[in-house]
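The values are calculated or read from the model by the stated rules, or taken from the named source; none is laboratory data. All figures in this text were calculated on a predicted structure; none of them were measured in a lab. Neighbour counts run over all protein chains shown; Cβ positions are idealised from the backbone, glycine included. What goes into the accessible areas is simple: the full protein's heavy atoms, side chains included, and nothing from ligands, DNA or RNA. Shrake-Rupley method; radii C 1.70, N 1.55, O 1.52, S 1.80 Å.
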Amino acid sequence: MSEFLFHKLNLSSEMIRAIEQINYTNPTEIQSKAIPVLLEGKDVIGRSNTGTGKTAAFGIPAIERVDPTLKRVQVMVLSPTRELAMQICEEMRKFAQYKQGIKITAVYGGQSIEHQIRDLRTANIVIGTPGRIMDHMRRKTLKLKQIHTVVLDEADEMLNMGFYDDIKTILQEIPTERQTVLFSATMPPAILEITKEFQKDPITIAVNQGQRTLDAIEQIYYQVPMGRKKDIVNLILQMYEPKRSIIFCNTKKMVDELVLYLNEHHFKSIGLHGDMKQSSRTQVMENYKSGRIHILVATDVAARGIDVENIQAVINYDIPQDDEYYIHRIGRTGRAGKTGKAFTLITNRKQLYWVRDMERFTKSTITEHPIPSLEEITEKRNEKLKRKISIALSEDKTQYWNEFIDVLESEGCPNRQLIAGLLEMLSNRDKKTLPIVKVADQRNNSKKSTGNRVKIRVDIGRSKKIAPNFIVGAIVEDTGLPASAIGKIDIYPEHTIIDMNSEDAQIVLNNMTNSKIKNQRVAFSLDQRKSSKNTRSHHFKERDDYKRTLRKHSPRKKNIRFNKNRADWGY
C-alpha cells in the first residue's frame, strides 16, 4: 500500500480524517506544491486547469487558517459562475466536516438574498460571484474587516465575463494585510495588472505549464455535412452509448434547439445556460448527477464548475471559441484513472485547420473517424441483443416460459417463426430511429462525375429577394452535398434554375420535398424544357415584364441593369 502523503503537509488531524473520508489518496501536483506555501500565508499565483485538484489546493489551507471561535468572514473565494461557487462550497464543506466552528456559505444571484443575509451573520468562509458579493457589500450585510485570505478562482474567466472592475472594487475594500491567492489557466495582461497591484511578492506555481494530461482521453473528430450536425450527434450517441455525456454548444439558442431535437428522438437530455433561473439550473444539475438524465447540453460559461463523476463522452457540437476552452471541455471525461472519449464536429476546411492547431496546442492526437454508418450501429445493436440472450440462457431463466411456448407451438407457431417475432419485438423497444446522412466525402466529386447535366427548377425567385447563397445553403443543409456539386444558378423573378449533375440532382429531388427557403415552402422539380429559342424567348419576356414593373414602381429607374450572360437582372 502506498504511503499517504497528505501526512507530510502539516495538516490538522481533523483535516487528515476528512481527506481520508472522501477517499483522497495522495495530493496532486498543484496540491503538494501550493498547500505548504498557502499555509504559511504567502500570496500565490497558481496556473492550473479544471481537473487538477485546485479546489483542494486552496480550500484545505484556507480552512486550516480560519479561527473557528470568530464568527466573522475570514476567507472569501470569488468565482465566475453560480455553479462553480456551489461546487467549491460543497467541496470545502467536505474538508471541514470534522472541524468544529467552521461555517461555509455560498452567495450568488438567483437565490433568496434574505437567506444569504442570515447565513452571512455566522459564516467565516464565503464563496460567491462578484456581482452578488458587491450587492452584499452595498447592503452592508457582508463584513470585510476580518478577512485575511482572498482567493480568485478561474480569474481569467471572471475577466472574460466583464468582472474586472468589480474584482478591483472588492479587493480595494478588503484589508491590505491579507493573503491574496489567484488561480488561472492563462495569464492575460489584465490578470498581470491585478497581481501587480494587489499581491505582495507572489509565488508562482505552474502545473504542466497550465495544461493537464489528456492521455486518458481518446480525441476524435468528424467531418460533418453542413446542416446535419444534430443527426451526427444522434449517430454518435447510438454508436457509443455513453452512460453519461456532456455536449457543448457556443450559444444558448443552440442549446435549446439541440435539447429539443434529442428529446424528440427519445434521448434523455437537458440543457444548461445562463438565461435559466437558478432554481432551474439547480434542478438540472440534480437530475444529471443523479442519473435521471444521461445527456447534458451546455454552454461553456454555464458548465464552469461542473464536477460530475463518470462522464464517458464529451461532444463539441460547436468549435470552442477559445483554445483553453477545449481543454476545459474534454477534461470533464477521463478522470480518476478512467478513460473517456471526446468528439468534435467540423464542417469546413477552416475548422480542419483548427483541429491541427489544437493537436499542437495540446500535444496530443485528434483522429478523424468516418461518421458511424447505419450498418455499424445495427450490427452493434444485434451483438448487444445476442449477448443478452446468451446471458439469459446461461442463467437458466427461461424455464418459466416453456409452458407458454408449448401453447404457441400447439396453435401452429413454428419455433423459428416464434423466435423471429420475439426478436422483432425486442428490437422495436428502442424507439431511437437512425437518421440517413449522405456524406459528401464518401462520394465522387460531382464535377468529375460522368453523369449527364440537368437543370432543376425551384419555384422561388428574385421577387422574394432570393440570392444564390440562399439556394446553395438550402441544398447543402438538406442533402449533405458539397457546394461544389451545384453549378450555375439563374434567378428569374418567380423561379430559379440550377444546373447540376444528374446523380446530385436526384439526391436534391429526393431530399427536398418539404424544404423551405427564407421561411417559404418551395418545390423542386426537374426542368424539362430544353435550351431552345422558345425557352429563351420565355425568359426574355419574363425579364421584360419584370423590368417594366420596376420602372413603374421604382424611383431608381436609371439604375436598372441586365446581365445577358447570366439571364439575371436587378436594381
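Here are some notes:
- Solvent-accessible area, 1.4 Å probe, carbon plus sulfur percent, for the range 83-177: 46
- When each of the peptides 375-381, 76-82, 280-286 is scored by the mean number of other C-beta atoms lying within 10 Å of its residues, the order from highest to lowest reads 76-82, 280-286, 375-381.
- Each Cα pair under 8 Å and six or more residues apart adds its separation to the average, and for the range 250-294 the resulting relative contact order is 33 percent.
- Pairs from the table (K253/K350; K168/K200; K465/K518; K54/K341; K42/K196; K33/K94) lying more than 19 angstrom apart at Cα are K253/K350; K54/K341; K33/K94.
- J(HN,Hα) series, the range 158-171, from Karplus relation 6.51 cos²θ - 1.76 cosθ + 1.60, nearest Hz, glycine and proline x: 4, 5, 4, 8, x, 9, 4, 5, 4, 4, 4, 4, 4, 5
- Working note: Karplus 6.51/-1.76/1.60 with θ = phi - 60° gives the range 346-359 the couplings 10, 10, 8, 5, 4, 6, 5, 4, 4, 4, 5, 4, 5, 4 Hz, where Gly and Pro are set to x.
- Shape call, the range 50-130: gyration tensor on alpha carbons, a/c limit 1.5: oblate
- Cα shape, the range 103-157, gyration tensor, a/c 1.5 rule: oblate
- 1.4 Å probe accessible area per residue over the range 9-125, in Å²: 39
- Inter-label distance for Q172 and W401, nm, one decimal - labels placed 7 Å from Cα along Cα-to-Cβ: 7.5
- Relative contact order computed over the range 1-114 (Cα-Cα under 8 Å; 6+ residues apart), in percent: 28
- 5 angstrom amide H check on V77, placed H, neighbours 5+ away: V126, I127, G128, V151
- Accessible surface of the range 480-526, 1.4 Å probe: 43 percent of it comes from carbon and sulfur atoms.
- The peptide list 105-115, 59-69, put in order of mean Cβ contacts within 10 Å with the highest first, becomes 59-69, 105-115.
- Shape of the range 82-239, Cα gyration tensor, a/c cut at 1.5: prolate
- Using θ = phi - 60° and Karplus 6.51 cos²θ - 1.76 cosθ + 1.60, couplings along the range 307-324 (whole Hz; Gly, Pro as x): 10, 10, 6, 6, 7, 8, 8, 10, 10, 8, 5, 10, 4, x, 7, 9, 4, 5
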